[in-house]
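S.K.: Sharing a structure below in structure tokens format, with a few things to ask.
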Ligand SMILES: Cc1cc2nc3c(=O)[nH]c(=O)nc-3n(C[C@H](O)[C@H](O)[C@H](O)COP(=O)(O)OP(=O)(O)OC[C@H]3O[C@@H](n4cnc5c(N)ncnc54)[C@H](O)[C@@H]3O)c2cc1C
């Protein structure tokens, strides 16, 4: 269980080991920088963030498609996603930066999923009841807005595409305020906001070991040989999180698998159909426009051979595989036959850290005193980051701040039972 703010802060201020700082955050991706900023904006705790990379957004965050949407199965996760979306939509206010790099582009999100009318009604009510603006659109209404789309809901078997028979859906959930931010920009903004609040953020500084004494973590060893002591270490190392947890002998309960996800970027013609962010139940893929309006970003279908597990995040192959590019383009052409492509196809790859048990993250104290976790975000870490930072910071400091989520801080605790999902990584 997450400790009360007072108990956790007392632990953070533990005098026995003469800490150099109160909290060390390992990793300055979107999660680590959100945790640091959220602690610093609500408390005088001394926070050090270390990242082995040369700058922000070189890990999962830099590859993120940066979609903010709120359709989740668990109502608390809907609220967490929504409060984080409000932060992204009010980024200058949230970060206190007069001219942040990131901003928010509202595109709307359409869920082209096979749902009974009872299931759709339940989703609509769950979303509305938790403050999210949604509509149920009929097929005619969708096609009136976006005539380029096809509304087939029959799963595609990529082994037998020629045998596929379309089956059109009748009603669809539409998230009005869903949109995108700038992942690298938002990460850099949170680093800047953290530094302004007094956080010491050091890039080019790797953690090579976790320092323990009698089963309690009280610091880290850096790659220059220095040992830095603290009250709490927060593991926000993204796809490298297992390496950090192994150093401390922590977190053996959940299977968190760094997994290569492939992205395809396609140019299209100069008429801009303003497609919504589209979640594609036929392929478990997802598509969205780039801000320029003349490129579409396609997340490859959720086919096991396209999602390769790795235990070595440092050696990621960043070019998508030809077979995957072809299948992704075919899937998109099936979903949006009215979009004509021109120009070139490019792409990149990044790492999800998939929680194999329930696709939700592990956030809060580990079973090793002095080590907290913010790991295993699957495909959700960007959209949830502001709220996740708030949950960690509120649990450590006991202090509230604007944009905090109205949910328990131990929702994702290490000792929880798996949370409900609708199946697959969409959760
Ligand atoms: C292709 C793709 C598309 C995605 N699309 C979306 C989306 O649309 N919406 C969404 O919400 N999420 C999305 N995600 C997921 C989201 O990007 C991640 O969940 C999120 O970026 C994870 O952030 P992080 O800070 O935990 O990890 P990272 O960004 O990887 O940061 C971890 C940091 O830890 C550092 N580090 C590691 N080991 C050490 C060490 N020993 N010492 C010091 N530093 C260390 C690394 O250098 C790195 O900077 C996507 C992910 C991918 C790959």
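S.K.: For residue 343, work out the one condition from (1) surrounded by 24 or more Cβ atoms within 10 Å (Cβ to Cβ); (2) out of contact with any helix residue (DSSP H, G or I) (no Cβ under 9 Å at 6 or more places or on another chain) it doesn't fulfil.
M.R.: Unmet condition: (1).
S.K.: Looking at 170, 163 in this structure, which one is over 27 Å from the mean Cα position of the chain (by Cα) and in contact (Cβ under 8 Å) with a residue 24 or more places away in the chain? Steps first, please.
M.R.: On the way: 163 fails: in contact (Cβ under 8 Å) with a residue 24 or more places away in the chain.
Answer to the selection: 170.
S.K.: Okay, moving on. Can you tell me which residues in segment 285-323 are crowded, with 18+ Cβ neighbours inside 10 Å, more than 12 Å from the ligand (Cβ to nearest atom) and touching a residue at least 60 places away in the same chain (Cβ under 8 Å)?
M.R.: 289, 301, 303, listed by residue number.
S.K.: Tell me, which residue of segment 39-58 that is out of contact with any strand residue (DSSP E or B) (no Cβ under 7 Å at 6 or more places or on another chain) and more than 14 Å from residue 386 (Cα to Cα) is nearest to the ligand (Cβ to nearest atom)?
M.R.: Quick first cut of segment 39-58, residues out of contact with any strand residue (DSSP E or B) (no Cβ under 7 Å at 6 or more places or on another chain) only: 41-44, 46, 52, 56-58.
With more than 14 Å from residue 386 (Cα to Cα) added as a condition, the list becomes 43-44, 46, 52, 56-58.
Details: 43: 21, 44: 24, 46: 18, 52: 4, 56: 7, 57: 7, 58: 5 Å.
Per the stated criteria, the residue is 52.
S.K.: Of the conditions (1) under 14 Å from residue 398 (Cα atoms); (2) modelled with pLDDT of 85 or more, residue 4 clears all except one; give me its number.
M.R.: Of the numbered conditions (1) under 14 Å from residue 398 (Cα atoms); (2) modelled with pLDDT of 85 or more, the odd one out for residue 4 is (2).
S.K.: A further question follows. For segment 213-222, check the following and say yes or no: at least one residue is within 16 Å of the ligand (Cβ to nearest atom), in a helix (DSSP H, G or I) and in contact with a strand residue (DSSP E or B) (Cβ under 8 Å, 6 or more places away or on another chain). Before the answer, list the steps.
M.R.: Applying the first criterion (within 16 Å of the ligand (Cβ to nearest atom)) to segment 213-222 yields 217, 219-222.
When the remaining residues are screened for being in a helix (DSSP H, G or I), the result is none.
There is no residue in segment 213-222 that is within 16 Å of the ligand (Cβ to nearest atom), in a helix (DSSP H, G or I) and in contact with a strand residue (DSSP E or B) (Cβ under 8 Å, 6 or more places away or on another chain).
S.K.: Right, something else. Restricting attention to segment 241-258, and to residues there that are within 10 Å of the ligand (Cβ to nearest atom) and without any contact (Cβ under 8 Å) to a residue 60 or more places away in the chain, which single residue is surrounded by the most Cβ atoms within 10 Å (Cβ to Cβ)?
M.R.: Filtering segment 241-258 for residues that are within 10 Å of the ligand (Cβ to nearest atom) and without any contact (Cβ under 8 Å) to a residue 60 or more places away in the chain, the one surrounded by the most Cβ atoms within 10 Å (Cβ to Cβ) comes out as 247.
S.K.: OK, next. With segment 286-365 as the region, which strands (runs of 3 or more DSSP E) entirely inside it contain at least 2 residues that are closer than 17 Å to residue 381 by Cβ and within 19 Å of the chain's Cα centre (by Cα)?
M.R.: Of the strands (runs of 3 or more DSSP E) lying wholly inside segment 286-365, those with at least 2 residues that are closer than 17 Å to residue 381 by Cβ and within 19 Å of the chain's Cα centre (by Cα) span 341-355, 362-365.
S.K.: Can you name every residue in segment 259-284 that is free of Cβ contacts under 8 Å to residues at least 40 places away in the same chain and either closer than 19 Å to residue 330 by Cβ or in a strand (DSSP E or B) (or both)?
M.R.: Listed by number, the list is empty, since nothing qualifies.
S.K.: Considering only segment 139-158, I want to know if a residue exists there that is more than 30 Å from residue 78 (Cα to Cα), in contact (Cβ under 8 Å) with a residue 24 or more places away in the chain and part of a loop (DSSP other than H, G, I, E, B).
M.R.: From segment 139-158, those more than 30 Å from residue 78 (Cα to Cα) are 157-158; that's our starting set.
Applying the additional criterion that residues be in contact (Cβ under 8 Å) with a residue 24 or more places away in the chain yields 158.
Retained after the next criterion (residues that are part of a loop (DSSP other than H, G, I, E, B)): 158.
Within segment 139-158, one or more residues are more than 30 Å from residue 78 (Cα to Cα), in contact (Cβ under 8 Å) with a residue 24 or more places away in the chain and part of a loop (DSSP other than H, G, I, E, B).
The values are calculated or read from the model by the stated rules, or taken from the named source; none is laboratory data. As the structure is a computational prediction, the values presented were derived from the model and not from experiment. Using ideal geometry, Cβ is built from the backbone for each residue, glycine included, and neighbour counts are taken over all protein chains shown.
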